[in-house]
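Peer 1: Dumping the structure here so I can ask a few things about it.
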Amino acid sequence: MTAPLCVDTARLPLLLDELRLPTVSRLWDSLAERARHENWSHARFLAALLEHELAERAQRRIQRHLTEARLPPGKSLATFDFAAVPMVGKAQILAHAAGGAWLKTGTNILLFGPPGVGKSHLAAALVEAGHRVLFMRTTDLVQRLQAARQTLSLAALIDKMDKIDLLILDDLSYVRKDQAETSVLFELIAARYERRSMLITANQAFGTWDAIFPDPAMTVAAIDRLVHHAIILEINTESYRRREAAARTVQPPPKSQ
Ligand code: ADP
Ligand code: MG
């Protein structure tokens, strides 16, 4: 008769910690119990543990990416009222949000419309869990790029941003060339062209973009690259904020004669 194998269970947490397998560490005991009861093979037990580890790892990654994305909270498709923007096809938006196919081909989405019509809301809502996204006000992004240029690390920053599947540049038309050296923005657009997606919101369509880039040639070059593979949506309604405010205003009763 062979002696029973003596497993040093006290060492297991250390080993699993060293291998960074927190889920296996948490579950192995109870799963081993179940495996004994249900006569699982060793292979099945091992596979079950590893599947749990992988599933939780994917979950943790999604959570990490969501935190990193800095999306405005609560702006989802579920809370977006498509009836308020009849020119934006709900089916089209839902298809983009669900498939994420546009992100694989480096397609851009350009969202134009006056303030308050739901551009930022829709931009955040279009993000599908599982992708790496960064939502930024374009003015902040430009500042960050300029700071990087000053320390000669612009290329490194643009490279780092290459890992982001979708860069959301909110309110592009608030960027003004007189406030800053905006060719850094062009460099970012050129670097991502045809490879990595951007979603841009702007109050004004292309006609006024000369105010953003240092010279007209660069404006044309930027627009050219952005629109080459792009879905362009224009929302030309009244501000949702203003409509909501108007609906809340209680009308005074008519004066009695
Ligand atoms: P924009 O970016 O075009 O200026 P926002 O996306 O910031 O507009 O929208 C202004 C506010 O109105 C936000 O609180 C947003 O959630 C809300 N809003 C705008 N459009 C809609 C809509 N169609 N359905 C629900 N909420 C909306
Ligand atoms: Mg906005």
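The values are calculated or read from the model by the stated rules, or taken from the named source; none is laboratory data. Here the structure is a predicted model, which means the values were calculated and not measured. Backbone-built Cβ (ideal geometry, glycine too); neighbour counts: all protein chains shown. Ligands, DNA and RNA are stripped out before the accessible areas are found, and what is left, the full protein with its side chains, is counted by its heavy atoms. Shrake-Rupley method; radii C 1.70, N 1.55, O 1.52, S 1.80 Å.
Peer 1: Could we say that ALA123 is within 16 Å of ligand 1 (Cβ to nearest atom), within 12 Å of the chain's Cα centre (by Cα) and outside any loop (DSSP other than H, G, I, E, B) here? Write out each step before concluding.
Peer 2: On the way: within 16 Å of ligand 1 (Cβ to nearest atom): yes; within 12 Å of the chain's Cα centre (by Cα): yes; outside any loop (DSSP other than H, G, I, E, B): yes.
Here the answer is yes, as ALA123 does meet what is asked.
Peer 1: Anything in the stretch 173-216 that is aromatic (Phe, Trp, Tyr) and either on the phi > 0 side of the Ramachandran plot or not in a loop (DSSP other than H, G, I, E, B) (or both)? List them, or say none. Show your work before the answer.
Peer 2: Filtering the stretch 173-216 for residues aromatic (Phe, Trp, Tyr) gives 174, 186, 193, 206, 209, 213.
Within the stretch 173-216, TYR174, PHE186, PHE206, TRP209 meet the criteria.
Peer 1: Here is a further query. Look at the stretch 132-161 and say how many of its residues are within 19 Å of TYR193 (Cα to Cα) and either open to solvent by less than 40 Å² (accessible area, probe 1.4 Å) or among the hydrophobic types (A, V, I, L, M, F, W, C) (or both). Break it down into steps so the answer makes sense when it comes.
Peer 2: Initially, the stretch 132-161 is screened for residues within 19 Å of TYR193 (Cα to Cα), giving 132-136, 138, 141-142, 145, 154-161.
Next, only the ones that are either open to solvent by less than 40 Å² (accessible area, probe 1.4 Å) or among the hydrophobic types (A, V, I, L, M, F, W, C) (or both) stay: 133-136, 138, 141-142, 145, 154-158, 161.
Total satisfying the criteria: 14.
Peer 1: When only residues in the stretch 175-222 that are in contact with a Phe, Trp or Tyr (Cβ under 6 Å, 6 or more places away or on another chain) and of a type in the set (Gly, Ala, Ser) count, which is surrounded by the most Cβ atoms within 10 Å (Cβ to Cβ)?
Peer 2: Applying the filter and picking the extreme gives ALA222.
Peer 1: Identify, please: which residue in the stretch 97-107 is open to solvent by 10 Å² or more (accessible area, probe 1.4 Å) and either part of a loop (DSSP other than H, G, I, E, B) or touching a strand residue (DSSP E or B) at 6+ places or on another chain (Cβ under 7 Å) (or both) and is, among those, farthest from ligand 1 (Cβ to nearest atom)?
Peer 2: That would be THR105.
Peer 1: I want to confirm something. Restricting to the stretch 56-83 and keeping residues that are of a type outside the set (Asp, Glu) and in contact with a Ser or Thr (Cβ under 8 Å, 6 or more places away or on another chain), which single residue is least open to solvent (accessible area, probe 1.4 Å)?
Peer 2: Narrowing the stretch 56-83 to residues of a type outside the set (Asp, Glu): 57-67, 69-80, 82-83.
Filter once more, so that each one left must be in contact with a Ser or Thr (Cβ under 8 Å, 6 or more places away or on another chain): 57, 72, 75.
Details: ARG57: 96, PRO72: 39, LYS75: 91 Å².
Going through the qualifying residues, I end up with PRO72.
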